[in-house]
Amino acid sequence: MQAAKKAGVAKCAARIDQHEKFFVQKNNPVSALMFVAPKEPNNRLFSLSLELLEQNESAYVSATYAPATTGKDDCSASYDLVKYWPDSCQEVATKVYPQFGEASVLNRQVSVLGKEPNVKIFLMVAGEGCVSIKKEIVF
């Protein structure tokens, strides 16, 4: 995202570019809102909110970047990719995310998929459908 670089967020530029390539596919329209620290943006937390449009569907992404304290131009990041599915959460788990394995229950309405410590899929019942939240932390 060129806008992040223009706002002074240089340490996380490589990670932001990596996420941009991951989220923005097939020249689909994307709208973004940046949360930039007013002072020293290159040394502070930086966040993006994105709306991804694909055919007649949309998804929401919240991505947060934390610059490394080692002085290197590197950063850790996390993102949440939120999407509504008209199918049941059971169908979403088996058809969309089969590689994440069996679901466990977080409490009552939210199931969790994923064996890896840094990537999880949360599935939440939403009326007749399901909301999926893919959460990943990258160090």
Consider only pairs whose beta carbons are under 7 Å apart and that are at least six residues apart or on different chains; among these, list those whose first residue lies in the stretch 8-25 and is outside the structural domain of V61 (by TED's automatic domain parsing) and whose second residue is crowded, with 16+ Cβ neighbours inside 10 Å and outside any helix (DSSP H, G or I). none
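Has the stretch 8-16 got any residue that is part of a strand (DSSP E or B) and out of contact with any Ser or Thr (no Cβ under 9 Å at 6 or more places or on another chain)? I'd like the intermediate steps shown before the answer.
Kept after step one, since they are part of a strand (DSSP E or B), are these residues of the stretch 8-16: none.
No; the residues of the stretch 8-16 include none that is part of a strand (DSSP E or B) and out of contact with any Ser or Thr (no Cβ under 9 Å at 6 or more places or on another chain).
Conditions tested, residue by residue: (1) under 15 Å from V138 (Cβ atoms); (2) modelled with pLDDT under 90.
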| site | (1), (2) |
| --- | --- |
| N27 | no, yes |
| E40 | no, no |
| N43 | no, no |
| F46 | yes, no |
| S58 | no, yes |
| T94 | no, no |
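At least 3 residues that are surrounded by fewer than 18 Cβ atoms within 10 Å (Cβ to Cβ) in each: list the strands (runs of 3 or more DSSP E) lying fully within the stretch 33-138 that qualify.
On the way: elements: 46-54, 57-67, 75-85, 110-113, 119-126, 129-138.
Passing ranges, in order: 46-54, 57-67, 75-85, 119-126, 129-138.
Just to verify a result, which residue in the stretch 60-86, among those that are in contact with a strand residue (DSSP E or B) (Cβ under 7 Å, 6 or more places away or on another chain) and of a type in the set (S, T, Y), is farthest from E136 (Cα to Cα)?
Let us first name the residues in the stretch 60-86 that are in contact with a strand residue (DSSP E or B) (Cβ under 7 Å, 6 or more places away or on another chain), namely 60-68, 75-86.
Imposing the further condition that a residue be of a type in the set (S, T, Y) reduces the set to 60, 62, 64-65, 76, 78-79, 84.
On the way: Y60: 14, S62: 11, T64: 11, Y65: 12, S76: 11, S78: 6, Y79: 6, Y84: 18 Å.
Restricting to residues being in contact with a strand residue (DSSP E or B) (Cβ under 7 Å, 6 or more places away or on another chain) and of a type in the set (S, T, Y), the top hit is Y84.
The values are calculated or read from the model by the stated rules, or taken from the named source; none is laboratory data. Quick caveat, the model's predicted, so the values are computed rather than measured. When we count neighbours, we look across all protein chains shown, and the Cβ atoms used for this are built from the backbone with ideal geometry, even at glycine.
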